[in-house]
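For reference, the structure is listed below as structure tokens.
The values are calculated or read from the model by the stated rules, or taken from the named source; none is laboratory data. Everything numeric in this text was worked out from a predicted model, so none of it was measured. Counting neighbours? That spans all protein chains shown, and the Cβs are built from the backbone with ideal geometry, glycine included.
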Amino acid sequence: MSETPRTILDIRNLDISFKTNAGVVHAIRGVNLDLRKGETVAIVGESGSGKSVTMKAAMGLLDSNATVNSGEILYTYTDTDGTEKTVDLLKLSKKELRGTINGQRIAMVFQDPMTSLDPTMTIGKQIMESMFLHKHMEKEAARKRALELLNLVGIPEAEKRFKNYPHQLSGGMRQRVVIAIALSADPDILICDEPTTALDVTIQARILEMIMDIQEKMKLSVIYITHDLGVVAKVADYVNVMYAGKIVEVGNVNEIFYEPAHPYTWGLLSAMPDLDTDDDRLYSIPGSPPNLLHEPPGDAFAARNQFALVIDEKAAPPMFKISETHSAATWLLHPDAPKIEKPPELEARLERARKEVERYL
Amino acid sequence: MSTPLLKVDHLVQHFRMSRSYTVRAVNGVSFEVYPGETYGLVGESGSGKTTIGRSIIRLYNPTSGNITFQGADISGKMDRDTGSMLRKDMQMIFQDPMASLNPRKKVSDIIGEGLDIHHRYASRQEREELVAAMLKKVGLSPEHAARYPHQFSGGQRQRVGIARALIMNPRLIIADECISALDVSIQAQVVNLMKDIQQETSCAYLFIAHDLSMVKYISDRIGVLHLGYMVESGTTEEIFSNPVHPYTKSLLSAIPHPNPEVEKRRKSITYDYKSSGIDYSKGQEHVVSGTHTVLATEEELAQWV
Amino acid sequence: MQKEYTPVKEDFRLLPSRDLYTDTNFASQSYWKGVMIHFFRNRRAVIGLVIILLIILFAIIGPSLSSFGYRDIVQYRNADNKRVVAKGIAPQIPALHKLFTGEELEGNFAEYTFLFGTDDMGRDLWTRTWYGARVSLLIAFVTIFIDMIIGMSYGLISGYFGGKTDMIMQRFVEIANSVPRLVIVSVLAIFMPKGMGLVIVALLLTEWIGMSKIARAEMLKTKEQEYVLASRTLGARNSHIIFREILPNTIGPIITQMMFSIPTAIFTEAFLSFVGVGIALPQCSVGTLIEDGFNNITTLPYQILPPIIVLALLMLGFNFIGDGLREALAPKLEDM
């Protein structure tokens, strides 16, 4: 790699709270994340970790009861006149966001294709509509491009499908259409929020492969939000592990999967049944994620962490650097911390994984 | 082999939506579940797996076929004793943690519902104790008994659902996609819990799922469903080490490996029923080896094995 | 934001093993509490509630605040032993009159306070108005309550069993619904004497339909829910499932419907009494008072005001409450 690609999306110290009937929920508690051009970044976490909220903040899609307490989301792009501009997405008004960023430069694909599509409009029309809106194309040009996109996302007999309504397509097809609409305005960044969770497993791989192909062709940068580590292993270059509104570990995909450093990441990896294990019990992280109505002092993961230290109940750990690309927020990395071995089942599994790689290559 | 706890014989379940349109959800599925084992029923959306579970527990009335449970026929009109036995010894855990618990009922009433219906306690005190014991067994605190479902997380709600089924001490529990809606780490918790319960009570599970890796982990034997037909069945070992049917092969190849270097290079096998030339209705059940069977015509069998 | 914490060596010991297995996390708000908070944030709903509560309050204590009953004719015998009746006295408050004009009020009944005045027969309108409100409210609450029970049960049962049962039951509803209320009342008037009984029966026969439709819709929405299936797999009887499992989940929209039915009932009673088919004078309900006031509108224009205003406020108030309830009960995503 001659030079590192430049950062196009930089989230710094994002802090968001929600006002609910029951009180204030401190949902995002200081998130730092960056995306470089052409890369695929995954945000992994359980429900309630805040991964969707983080990206919704970038798109201006936060609910009305959300308050951004602090932080910035810096987006760098090449403007129509060729100059490079950087804006803080949090400072733009909703109108500016809708007008220039959403759909045009940053597009989002959601989990449920059935609710993302308008049931009363043919899919061809929906793709074209997006193009009228963002690129002010003429009808003929838009139609041609729409057909191109349908082919690009792998929909067979695109001419025929053009006039179909969403309910006439299968789940996988619908998701492809949603992606086509997202791509119609030539965005720089594609955010996929659990794009394959609602789909059958045989379709999942194909959708992901399709997105990866397009990413290469169109020089896209992609952010995946998911709880599925299989998806992450397949698509991601970099992984951010999120827990209770914070990023607890970040690194490139190999570091996270072969040398995880945070006990939560250990838990996530161990909880997946391995096709090769004959273990009697699946290791699982006990308990459930904390209720951020009552923010726990110290490390939010401490209550579920069998390797918790005394200090975990007193102070939240900072990010400790392991390598240029790999960091984790756990007191176990502090020089004074005891040396903790990974659980033996996990270590055995990681060993098997490394061996499998050798066999494959 | 001992006598099967549950025997499903050529179960057909069709739903007549209108005069011209019938949904053929299940088309002649047969399998057996033995006491104390876990039988995994695997398939994607539209395979009929949920329908099979619901037909067995008589939420639907089977269109045709025979279902025998603990020696009694439960597929036709049941007499009072059989009906009562079915409602006690067979229980179900549902998929959606939000919808499977009555939002207006306290957790103790939800769990104790079976006890209430079948008068299984002598005093309110005893009922409370039974419910508290069950809460502890599924890893919840007994002080949760007075709370309402919306005050719990998805994983906790599933545990309540398990407690509700378990308190009846059933011989067979049908787990209908009961972990699909949960986060992976919570799935592991629930599955471990189910395994513990099985060890303690020797109950059998009919584990309906679409996630093959979890199915492999928990099941002793597996049946693969596609479009309402059982295309392949056998022990877990047989299916995973020697898949015969092209659908099974594509399903297995679609399982993601949490191994980036491997996963990035792997290409999954595709299988499209419409263009494959296979007609499930023409296939017969053939034995491949041991208990391993596959649905195929003579020619197809020759091709695949 | 946490203060910077400087760790000490002792902090890096492992915590002693704890019971991680038992899950104690939960969110702490009850459903109805959330509904109430939402309801009370809605200003119009609160105003409606206040109006209704005030009217109910006065309906209860109003008549006793006056020294005259609703049938009493305010009169006395004067020096010539002739009867002097307090007919047609416009609203008067002696104390205020003195305050504003500095003079004593004049007239035969100058020392009495008639907040709403007296009617053409000499009766205290304050007492009559609140007594009338009491009667109207009573009729409305009772009939709507019974209608709720009838309509709710009908709709729930029809929706639960579906198929042929549902079809027959719904056909019946359609027929019942298509007969205009006036026709029903006219037919009833042939068989029944005028009065409260007729009004109540008329309301019972018509108001249950709306309730049953709502109940049926809620049932159709709910009966395929997994918790209902769970009850079935546990062997619960149908009656248990309908009334103990599903009903509590449908009670919200049904109560909302009640809030809208009550003003309809009040108005229907008023209307029927006004056209002479319902309650007759000297019995008073809001409707008869309006009829009375209407008959005297050219001579005593103030007489119609109190009952009309009370009627309008009642209808407005219940509508506001109904709107507020409907909004507060609207399904929201329950986050943890």
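Some points to look at:
- Single residue of region A:217-230 satisfying the filter (more than 17 Å from residue A:176 (Cα to Cα) and assigned to a helix (DSSP H, G or I)) that is nearest to the other protein chains (Cβ to nearest Cβ): A:230
- Top-ranked residue in region A:251-271 [being out of contact with any Leu (no Cβ under 9 Å at 6 or more places or on another chain) and more than 8 Å from every other protein chain (Cβ to nearest Cβ); ranked as surrounded by the fewest Cβ atoms within 10 Å (Cβ to Cβ)]: A:252
- Among the residues making up region C:242-289, those that are modelled with pLDDT of 85 or more, over 20 Å from the mean Cα position of the chain (by Cα) and either of a type in the set (Val, Ile, Thr) or at positive phi (or both) are C:242, C:246.
- Test: residue in region B:165-185 that is away from chain A (no Cβ under 14 Å) and part of a helix (DSSP H, G or I): yes
- Of the residues making up region C:111-144, those that are assigned to a helix (DSSP H, G or I) and either without any contact (Cβ under 8 Å) to a residue 24 or more places away in the chain or farther than 23 Å from residue C:271 by Cβ (or both) are C:126, C:127, C:138.
- If you go through region B:58-74 and keep only what is touching a residue at least 60 places away in the same chain (Cβ under 8 Å) and surrounded by 16 or more Cβ atoms within 10 Å (Cβ to Cβ), you end up with B:67, B:68, B:69, B:70.
- Test: residue in region B:146-166 that is within 20 Å of residue C:30 (Cβ to Cβ), among the hydrophobic types (A, V, I, L, M, F, W, C), at pLDDT 90 or above and in contact with a Phe, Trp or Tyr (Cβ under 8 Å, 6 or more places away or on another chain): yes
- Here residue B:213 meets each of (1) in contact (Cβ under 8 Å) with a residue 40 or more places away in the chain; (2) within 12 Å of chain A (Cβ to nearest Cβ); (3) touching a Ser or Thr at 6+ places or on another chain (Cβ under 9 Å) with one exception, condition (3).
- The residues on offer are A:246, A:339, and the sole one that is within 14 Å of chain C (Cβ to nearest Cβ), closer than 23 Å to residue A:223 by Cβ and of a type in the set (D, E, K, R) is A:246.
- Residue in region B:141-149 that is in contact with a strand residue (DSSP E or B) (Cβ under 8 Å, 6 or more places away or on another chain), under 25 Å from residue C:222 (Cα atoms) and buried (at least 24 other Cβ atoms within 10 Å of the Cβ) present: no
- Residue that is surrounded by the fewest Cβ atoms within 10 Å (Cβ to Cβ), among those in region C:129-171 that are of a type in the set (D, E, K, R) and over 20 Å from the mean Cα position of the chain (by Cα): C:164
- Within region C:31-66, considering residues that are within 14 Å of chain A (Cβ to nearest Cβ) and in contact with a helix residue (DSSP H, G or I) (Cβ under 8 Å, 6 or more places away or on another chain), the one farthest from residue C:113 (Cα to Cα): C:31
- Residues in region B:109-130 that are within 14 Å of chain C (Cβ to nearest Cβ) and closer than 18 Å to residue B:159 by Cα were compared, and the one that is surrounded by the most Cβ atoms within 10 Å (Cβ to Cβ) is B:111.
- Apart from one condition, residue A:274 fits all of (1) of a type in the set (Asp, Glu); (2) surrounded by fewer than 17 Cβ atoms within 10 Å (Cβ to Cβ); (3) in a loop (DSSP other than H, G, I, E, B); (4) more than 14 Å from chain C (Cβ to nearest Cβ); the exception is (2).
- Among residues of region A:300-325, those that are within 12 Å of chain C (Cβ to nearest Cβ) and either charged (D, E, K, R) or over 22 Å from residue A:255 (Cα atoms) (or both), counted: 14
- Scan of region A:202-248 for residues that are of a type in the set (Lys, Arg), surrounded by 22 or more Cβ atoms within 10 Å (Cβ to Cβ) and touching a residue at least 60 places away in the same chain (Cβ under 8 Å), ordered by number: A:246
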